[in-house]
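All remarks here apply to the structure that follows.
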Amino acid sequence: MAKTLRKALALPPGPVDLSSYESDATTGFDESKDDAPELMEELGEELAGLQERLFAHGQSGTSSKSVLLLLQGMDTSGKGGIIEHVVGLVDPRGVHITSFKKPTSEELSHDFLWRIEKALPGPGIIGIFDRSHYEDVLIGRVRKLADDKDIERRYGAINDFEDAYVEGGGTIIKCFLHISADDQKERLQARLGDPAKYWKYNPGDLDERALWPEYQKAYEIALERCSTERAPWFLVPSGRKWYRNWAVAQLLLEHLESLDLEWPKADFDVETEKKRLATS
């Protein structure tokens, strides 16, 4: 299995046309769907080992490195599924999940990045953002919650914010979970057709769905304006749930591997401690 999925899924520079990307593509996956469960299990073993090294450095204070997995996409694109099937592969002690809902009155009294900065992962932690600061240039743009001048300011503020996080030892993995309007309709129908899934359905989702073209345009602008060398956007085809989960797991693996972390060295004399233990 190739280890360069991040190259294959990274958005190229320039304007973004989401209609040119197939939501059911399986980019970089050379096996069959039936192989996916076994491959996910193998990925889980590798991810767990790499995450433990990252966590060990954070606990021992030997590294400031952290990882932020940012999940954005239209309703039903699979943010929750990734948290369950991908993030669930690693030790929860080293994971911090933040789901960003409608801002509170306190949060609205600050700049839009205030609540985001508070949720950034500390050393050794993998942070997961279920939605993120990009809501402020997506729904903010579509629903006219801010004027054009402020929306324009936010693109630059986002780039500066992400650059500062990377400069401080962070690794950011920004995944746009790409689905089509038909994909979404099928998934909403599935929720309405199963009493066990009613809790997942929100009537407000149809109000947002009615603005699908506007949201696609807002995403295209945000993806173009905020995909940088240090913090690129990855377009993850998410029409096939099994592929989406594998792709995000593979992206996480490749980024953890790139940290090239060894186990923290002991800050004590190992042989002395062995002798002390033997005579205890």
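The values are calculated or read from the model by the stated rules, or taken from the named source; none is laboratory data. Quick caveat, the model's predicted, so the values are computed rather than measured. Every residue, glycine among them, receives a Cβ derived from its backbone with ideal geometry; neighbour counts consider all protein chains shown. Ligands, DNA and RNA are excluded from the accessible area calculation, which covers all protein heavy atoms including side chains. Shrake-Rupley method; radii C 1.70, N 1.55, O 1.52, S 1.80 Å.
Please go through segment 11-44 and give me each residue that is free of Cβ contacts under 8 Å to residues at least 24 places away in the same chain, loosely packed, with under 10 Cβ neighbours inside 10 Å and either touching a Pro at 6+ places or on another chain (Cβ under 9 Å) or over 30 Å from Ala222 (Cα atoms) (or both), ordered by number.
If the condition is that a residue be free of Cβ contacts under 8 Å to residues at least 24 places away in the same chain, loosely packed, with under 10 Cβ neighbours inside 10 Å and either touching a Pro at 6+ places or on another chain (Cβ under 9 Å) or over 30 Å from Ala222 (Cα atoms) (or both), then Ser32, Asp34 are the ones that fit.
When you check Gly204 against the structure, is it out of contact with any strand residue (DSSP E or B) (no Cβ under 7 Å at 6 or more places or on another chain) and closer than 29 Å to Leu120 by Cβ, yes or no?
Criteria met by Gly204.
List pairs: first residue in segment 203-219 and open to solvent by 40 Å² or more (accessible area, probe 1.4 Å), second residue among the polar types (S, T, N, Q) anywhere in the structure, Cβ distance under 7 angstrom, at least six positions apart or on different chains.
Pairs found: Arg209/Gln184.
Cβ contacts < 8 Å: first residue within 30 Å of Gly61 (Cα to Cα) and open to solvent by 40 Å² or more (accessible area, probe 1.4 Å), restricted to segment 102-124; second residue outside any loop (DSSP other than H, G, I, E, B) and not hydrophobic (A, V, I, L, M, F, W, C), any location; separation 6+ or different chain. Result?
Qualifying pairs under 8 Å: Trp114/Glu107; Leu120/Ser66; Leu120/Gly127; Leu120/Tyr165; Leu120/Gly170; Pro123/His57; Pro123/Gly58; Pro123/Ser66.
Would you check if there is a residue in segment 188-200 being open to solvent by 90 Å² or more (accessible area, probe 1.4 Å), touching a helix residue (DSSP H, G or I) at 6+ places or on another chain (Cβ under 8 Å) and under 23 Å from Leu9 (Cβ atoms)?
No, segment 188-200 contains no residue that is open to solvent by 90 Å² or more (accessible area, probe 1.4 Å), touching a helix residue (DSSP H, G or I) at 6+ places or on another chain (Cβ under 8 Å) and under 23 Å from Leu9 (Cβ atoms).
If the requirement is being surrounded by fewer than 17 Cβ atoms within 10 Å (Cβ to Cβ) and more than 19 Å from Leu253 (Cβ to Cβ), which of these qualifies: Asp147, Asp91, Asp130?
Asp147
Name the residue that is farthest from Ala210 (Cα to Cα), counting only residues in segment 138-166 that are under 17 Å from the mean Cα position of the chain (by Cα) and among the aliphatic types (A, V, I, L, M).
That would be Val166.
Please list, ordered by first then second residue, the pairs with beta carbon atoms under 9 Å, 6 or more apart or interchain, first in segment 249-273 and touching a residue at least 24 places away in the same chain (Cβ under 8 Å) and of a type in the set (Ser, Thr, Tyr), second surrounded by 13 or more Cβ atoms within 10 Å (Cβ to Cβ) and in a helix (DSSP H, G or I).
Hits for this filter: Ser258/Arg6.
Filter segment 52-88 down to the residues that are within 19 Å of Gly239 (Cα to Cα) and of a type in the set (Asp, Glu), then identify the one that is surrounded by the fewest Cβ atoms within 10 Å (Cβ to Cβ).
Glu84
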